[in-house]
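S.K.: If you scroll down you'll find the structure; I have some questions about it.
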Amino acid sequence: MQSWSAPEVPTLPGVGRPLRLYDTATDQVRATTPGDTARIYVCGITPYDATHLGHAATYLAFDLVQRMWLDAGHQVHYVQNVTDIDDPLLDRAEATGQDWVELAQRETELFRQDMTALRVLPPRDYVGVVESIDEIADGVAKLLADSKAYRLEEDIYATVEGSGKFGYESRYTESEMLALFAERGGDPDRPGKRDPLDALLWRGRRDGEPSWESVVGPGRPGWHIECSVIARSRLGMQIDVQGGGSDLRFPHHEHSAAHAEALTGQWPFAKHYAHAGMIALDGEKMSKSRGNLVFVSKLRAARVDPMAIRLALLDGHYRADREWTGGRLPAAERRLENWRTAVTADAGPPAEPVLELVRQRLTDDLDTEGAIAAVDDWAADSAAGRGGADPAAPALIRDTVDALLGIEL
Ligand code: 5CA
Ligand code: ZN
């Protein structure tokens, strides 16, 4: 699929620091250890009702991961999927009398426009499931051939034993896994499954549903295997980061990792499993099924500066579940104005210590609040005429905020 266009990233003096990031699987903040090219897979949208502020917050968190690696001198190979065929998309299309292909294309395009406006660096490979059916079916066939999958009526399931490590990513107990599986698209109670937690790999053709001919018969892929295959074929195994919102911790990322590990015999799928917290509105997780959504495109249509949206979403730790309230945007707009005033001044307090502090804060598990506070302090000193008058400072602050926080002043 076509990705979206990349914003310029200014080069900063000096070198960035290694990024430390919380890893769900080991319950620790640990250094990421990329090679020359860092490899990251971030789960993409299911394209209906895009892009709400919860989505945006999650993609912004991983945008900062990419920016930290670039600043530290790495190249980044970033892959993201689009779940452009799945039950929730078909349900929405049917409920609203739309063609599911058109719905998916329209929402994916809106997502691209929103990401561009928010200055999110694009994935190198933006990959739809529909365009990947053959490679996913090949993966299912291999799991069947290796006895790591089995047929149940017209469908195909993966055995949870297939990877030998099931459960390490989420660290949930069996009963927690069972509850979440039922809640998030799994079918623990289906008769005939070998284990209630076995995940659907391939859904055989049903009347009235889209399906494709394939090496494992007609049908369509299950959710988790799509991400395993799309990630593995482009990035290999032991990728640096597998990312998504915390609702993907289980079952999605557990099963995606298990399928990829069962396919390759290699472990782990990812060196870090990173999860962003959920954005809530009125006390409830913002979600398509609840319908309590604030859309990036609606805010843009109301002439809200996308940089204020970005700044508002970054003003909170990415791992914390947080509430979107009416006051967040005006606060971000005021802050943006203060920063813009300070970087258009002829001089300001020296910027190198600010750059150092922003690097330090962001590479410490993406402490955006700390980074924003460092820029606030500089802007306040500048406005008050404190701390020196370096004519090079405003330009360096502008580049720092642009390259590391992705905010164009
Ligand atoms: N297509 C799958 C992943 S393969 C999917 O989860 N799509 S999604 O459209 O439902 O979500 C896209 C991303 O946004 C996921 O990483 C999800 O965890 C994240 N997300 C969804 N709702 C919220 C929310 N309220 N707050 C933060 N992130 C969210
Ligand atoms: Zn995914």
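S.K.: Which of (1) open to solvent by less than 30 Å² (accessible area, probe 1.4 Å); (2) among the small types (G, A, S); (3) assigned to a loop (DSSP other than H, G, I, E, B); (4) more than 27 Å from G245 (Cβ to Cβ) does A137 not meet, given it meets every other one?
M.R.: The one condition A137 does not meet is (3).
S.K.: Return yes when D346 is in a helix (DSSP H, G or I), open to solvent by 80 Å² or more (accessible area, probe 1.4 Å) and modelled with pLDDT of 95 or more and no when it is not.
M.R.: The answer is no for D346.
S.K.: Being within 16 Å of ligand 2 (Cβ to nearest atom), among the small types (G, A, S) and open to solvent by 10 Å² or more (accessible area, probe 1.4 Å): is that true of S233 here?
M.R.: Against the criterion (within 16 Å of ligand 2 (Cβ to nearest atom), among the small types (G, A, S) and open to solvent by 10 Å² or more (accessible area, probe 1.4 Å)), S233 qualifies.
S.K.: Sort out which residues of region 88-98 are within 16 Å of ligand 2 (Cβ to nearest atom) and either assigned to a loop (DSSP other than H, G, I, E, B) or modelled with pLDDT under 95 (or both), and write them in order of number.
M.R.: P88
S.K.: Of the residues in region 214-230, how many are of a type outside the set (K, R) and more than 13 Å from ligand 2 (Cβ to nearest atom)?
M.R.: Looking only at that region, the number is 6.
S.K.: When region 236-248 is examined, which residues are found to be touching a residue at least 60 places away in the same chain (Cβ under 8 Å) and either away from ligand 2 (no atom under 12 Å from the Cβ) or in a helix (DSSP H, G or I) (or both)?
M.R.: Within region 236-248, G236, I239, D240, V241, S246, D247, L248 meet the criteria.
S.K.: Related question: What are the residues in region 253-276 that are away from ligand 2 (no atom under 16 Å from the Cβ) and buried (at least 24 other Cβ atoms within 10 Å of the Cβ), if any?
M.R.: The answer is A262, and nothing else.
S.K.: Of all residues in region 25-80, count the ones that are away from ligand 1 (no atom under 16 Å from the Cβ) and either on the phi > 0 side of the Ramachandran plot or part of a helix (DSSP H, G or I) (or both).
M.R.: 7
S.K.: Got a number for residues in region 232-249 being within 27 Å of D321 (Cα to Cα) and either more than 15 Å from the chain's Cα centre (by Cα) or near ligand 1 (Cβ under 10 Å from one of its atoms) (or both)?
M.R.: 7
S.K.: How many residues does region 236-268 hold that are of a type in the set (A, V, I, L, M, F, W, C) and closer than 14 Å to T26 by Cβ?
M.R.: Within region 236-268, residues that are of a type in the set (A, V, I, L, M, F, W, C) and closer than 14 Å to T26 by Cβ number 3.
S.K.: Here are some conditions: (1) open to solvent by less than 10 Å² (accessible area, probe 1.4 Å); (2) farther than 21 Å from L178 by Cβ; (3) touching a Lys or Arg at 6+ places or on another chain (Cβ under 9 Å). G222 meets all but one. Which one does it not meet?
M.R.: (2)
S.K.: Sticking with this one: Among the residues in region 5-20, are any under 30 Å from W324 (Cα atoms), surrounded by 24 or more Cβ atoms within 10 Å (Cβ to Cβ) and in contact with a helix residue (DSSP H, G or I) (Cβ under 9 Å, 6 or more places away or on another chain)?
M.R.: yes
S.K.: Looking only at region 195-205, filter to residues that are open to solvent by 50 Å² or more (accessible area, probe 1.4 Å) and in a loop (DSSP other than H, G, I, E, B); which one of those is farthest from Y157 (Cα to Cα)?
M.R.: The selected residue is R205.
S.K.: Still on this structure, I have one more. Among the numbered criteria (1) within 25 Å of A61 (Cα to Cα); (2) touching a helix residue (DSSP H, G or I) at 6+ places or on another chain (Cβ under 8 Å), which one does I85 miss?
M.R.: (1)
S.K.: Something else now. With respect to V101, determine if the residue is part of a helix (DSSP H, G or I), open to solvent by 20 Å² or more (accessible area, probe 1.4 Å) and away from ligand 2 (no atom under 16 Å from the Cβ).
M.R.: yes
S.K.: Right, another one. Report, ordered by the first and then the second residue, all pairs with beta carbons closer than 9 Å, sequence separation of six or more or different chains, a first member in region 276-297 that is in contact (Cβ under 8 Å) with a residue 24 or more places away in the chain and under 15 Å from L329 (Cβ atoms), and a second member that is surrounded by fewer than 17 Cβ atoms within 10 Å (Cβ to Cβ) and acidic (D, E).
M.R.: If the second residue must be surrounded by fewer than 17 Cβ atoms within 10 Å (Cβ to Cβ) and acidic (D, E), the pairs left are I279/D321; I279/E323; L281/E323.
S.K.: If you don't mind, there's one more thing I want to ask. Restricting to region 26-62, what's the tally of residues that are acidic (D, E) and either free of Cβ contacts under 8 Å to residues at least 60 places away in the same chain or surrounded by 23 or more Cβ atoms within 10 Å (Cβ to Cβ) (or both)?
M.R.: The total comes to 1.
S.K.: Take the conditions without any contact (Cβ under 8 Å) to a residue 40 or more places away in the chain and either surrounded by fewer than 24 Cβ atoms within 10 Å (Cβ to Cβ) or within 16 Å of ligand 2 (Cβ to nearest atom) (or both) and apply them to G208. Does it pass?
M.R.: Criteria met by G208.
The values are calculated or read from the model by the stated rules, or taken from the named source; none is laboratory data. Quick caveat: nothing in here was measured; it's all calculated off a predicted structure. Don't worry about glycine lacking a Cβ; one is built from the backbone with ideal geometry, like all the others, and counts go over all protein chains shown. Ligands, DNA and RNA are stripped out before the accessible areas are found, and what is left, the full protein with its side chains, is counted by its heavy atoms. Shrake-Rupley method; radii C 1.70, N 1.55, O 1.52, S 1.80 Å.
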